[in-house]
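Presented below is the structure to which this report refers.
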Amino acid sequence: MRVAVSATGANPDAAIDPRFGRCPYFIIVDTETLEFEAVPNTSQYAPSGAGIQSAQMIASKGAKVVLTGSVGPNAYQALSATGIQIINGVFGTVKEAVEKFKSGQLRQATTPTTQMGFGMGGFGMGAGRRSGRGMGRGQGMRTEAFASSTPIAPAMPTTLMPREQEIQMLENQMKILQQHLEQIKKRMKELEEK
């Protein structure tokens, strides 16, 4: 069976990315052979619809199950419509998640874990959109999340999970946010030096 795992890196030792639609990679693992394919998530910087686009890509790769930290309502519907089983609240490494799945330790989600409009936010290189200067020709880093008036909140599960699992998931989310903050600081420094 082919399982898609939202990941922070391009190999099975990478941490689970808690964001389904905005993860940098999906690791597609064959649970029988443990062979894997690292697929860059081209939808991670999409201004909208990242979850739906990611779901379509996962379906095109023949995955029957998704292992992730959280999934929004649109992605949940798109995955469910294609018959893909969704397991959320997953943490640790890709390899650990696949082993837990194979041993039956993970349960299928019955609802999305994030509400509409909330999530981790998407970070990416922009062309100066929404900056109000230079007719959109700037090359600065921008984030859709900060450009919007929607409050930013980490993707929080709406289903109950064990305390240790929730702590691990929140720690993973914190690491990802710290990485994004470092990217922003680096880009700001580059811009200041120009």
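The values are calculated or read from the model by the stated rules, or taken from the named source; none is laboratory data. As the structure is a prediction and not an experimental result, all values here were calculated from the model. Because the Cβ atoms are built from the backbone with ideal geometry, glycine has one as well, and the counts that use them run over all protein chains shown.
Of note:
- Strands (runs of 3 or more DSSP E) within segment 1-61 that include 3 or more residues surrounded by fewer than 18 Cβ atoms within 10 Å (Cβ to Cβ): 36-40
- The residue list 94, 98, 39 contains one member that is under 24 Å from residue 175 (Cα atoms) and over 14 Å from the mean Cα position of the chain (by Cα), which is 98.
Condition check ((1) under 22 Å from residue 111 (Cβ atoms); (2) at pLDDT 95 or above; (3) assigned by TED's automatic domain parsing to the domain that holds residue 178; (4) not charged (D, E, K, R)) across all residues:
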site: 17; (1), (2), (3), (4): yes, no, no, no
site: 25; (1), (2), (3), (4): no, yes, no, yes
site: 28; (1), (2), (3), (4): no, yes, no, yes
site: 38; (1), (2), (3), (4): no, yes, no, yes
site: 44; (1), (2), (3), (4): no, no, no, yes
site: 47; (1), (2), (3), (4): no, no, no, yes
site: 52; (1), (2), (3), (4): yes, no, no, yes
site: 65; (1), (2), (3), (4): yes, yes, no, yes
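- Qualifying residue in segment 26-38 (condition: under 29 Å from residue 167 (Cβ atoms) and acidic (Asp, Glu)): no
- The residues of segment 62-85 that are buried (at least 17 other Cβ atoms within 10 Å of the Cβ) and in a helix (DSSP H, G or I), listed by number, are 74, 75, 76, 78, 79.
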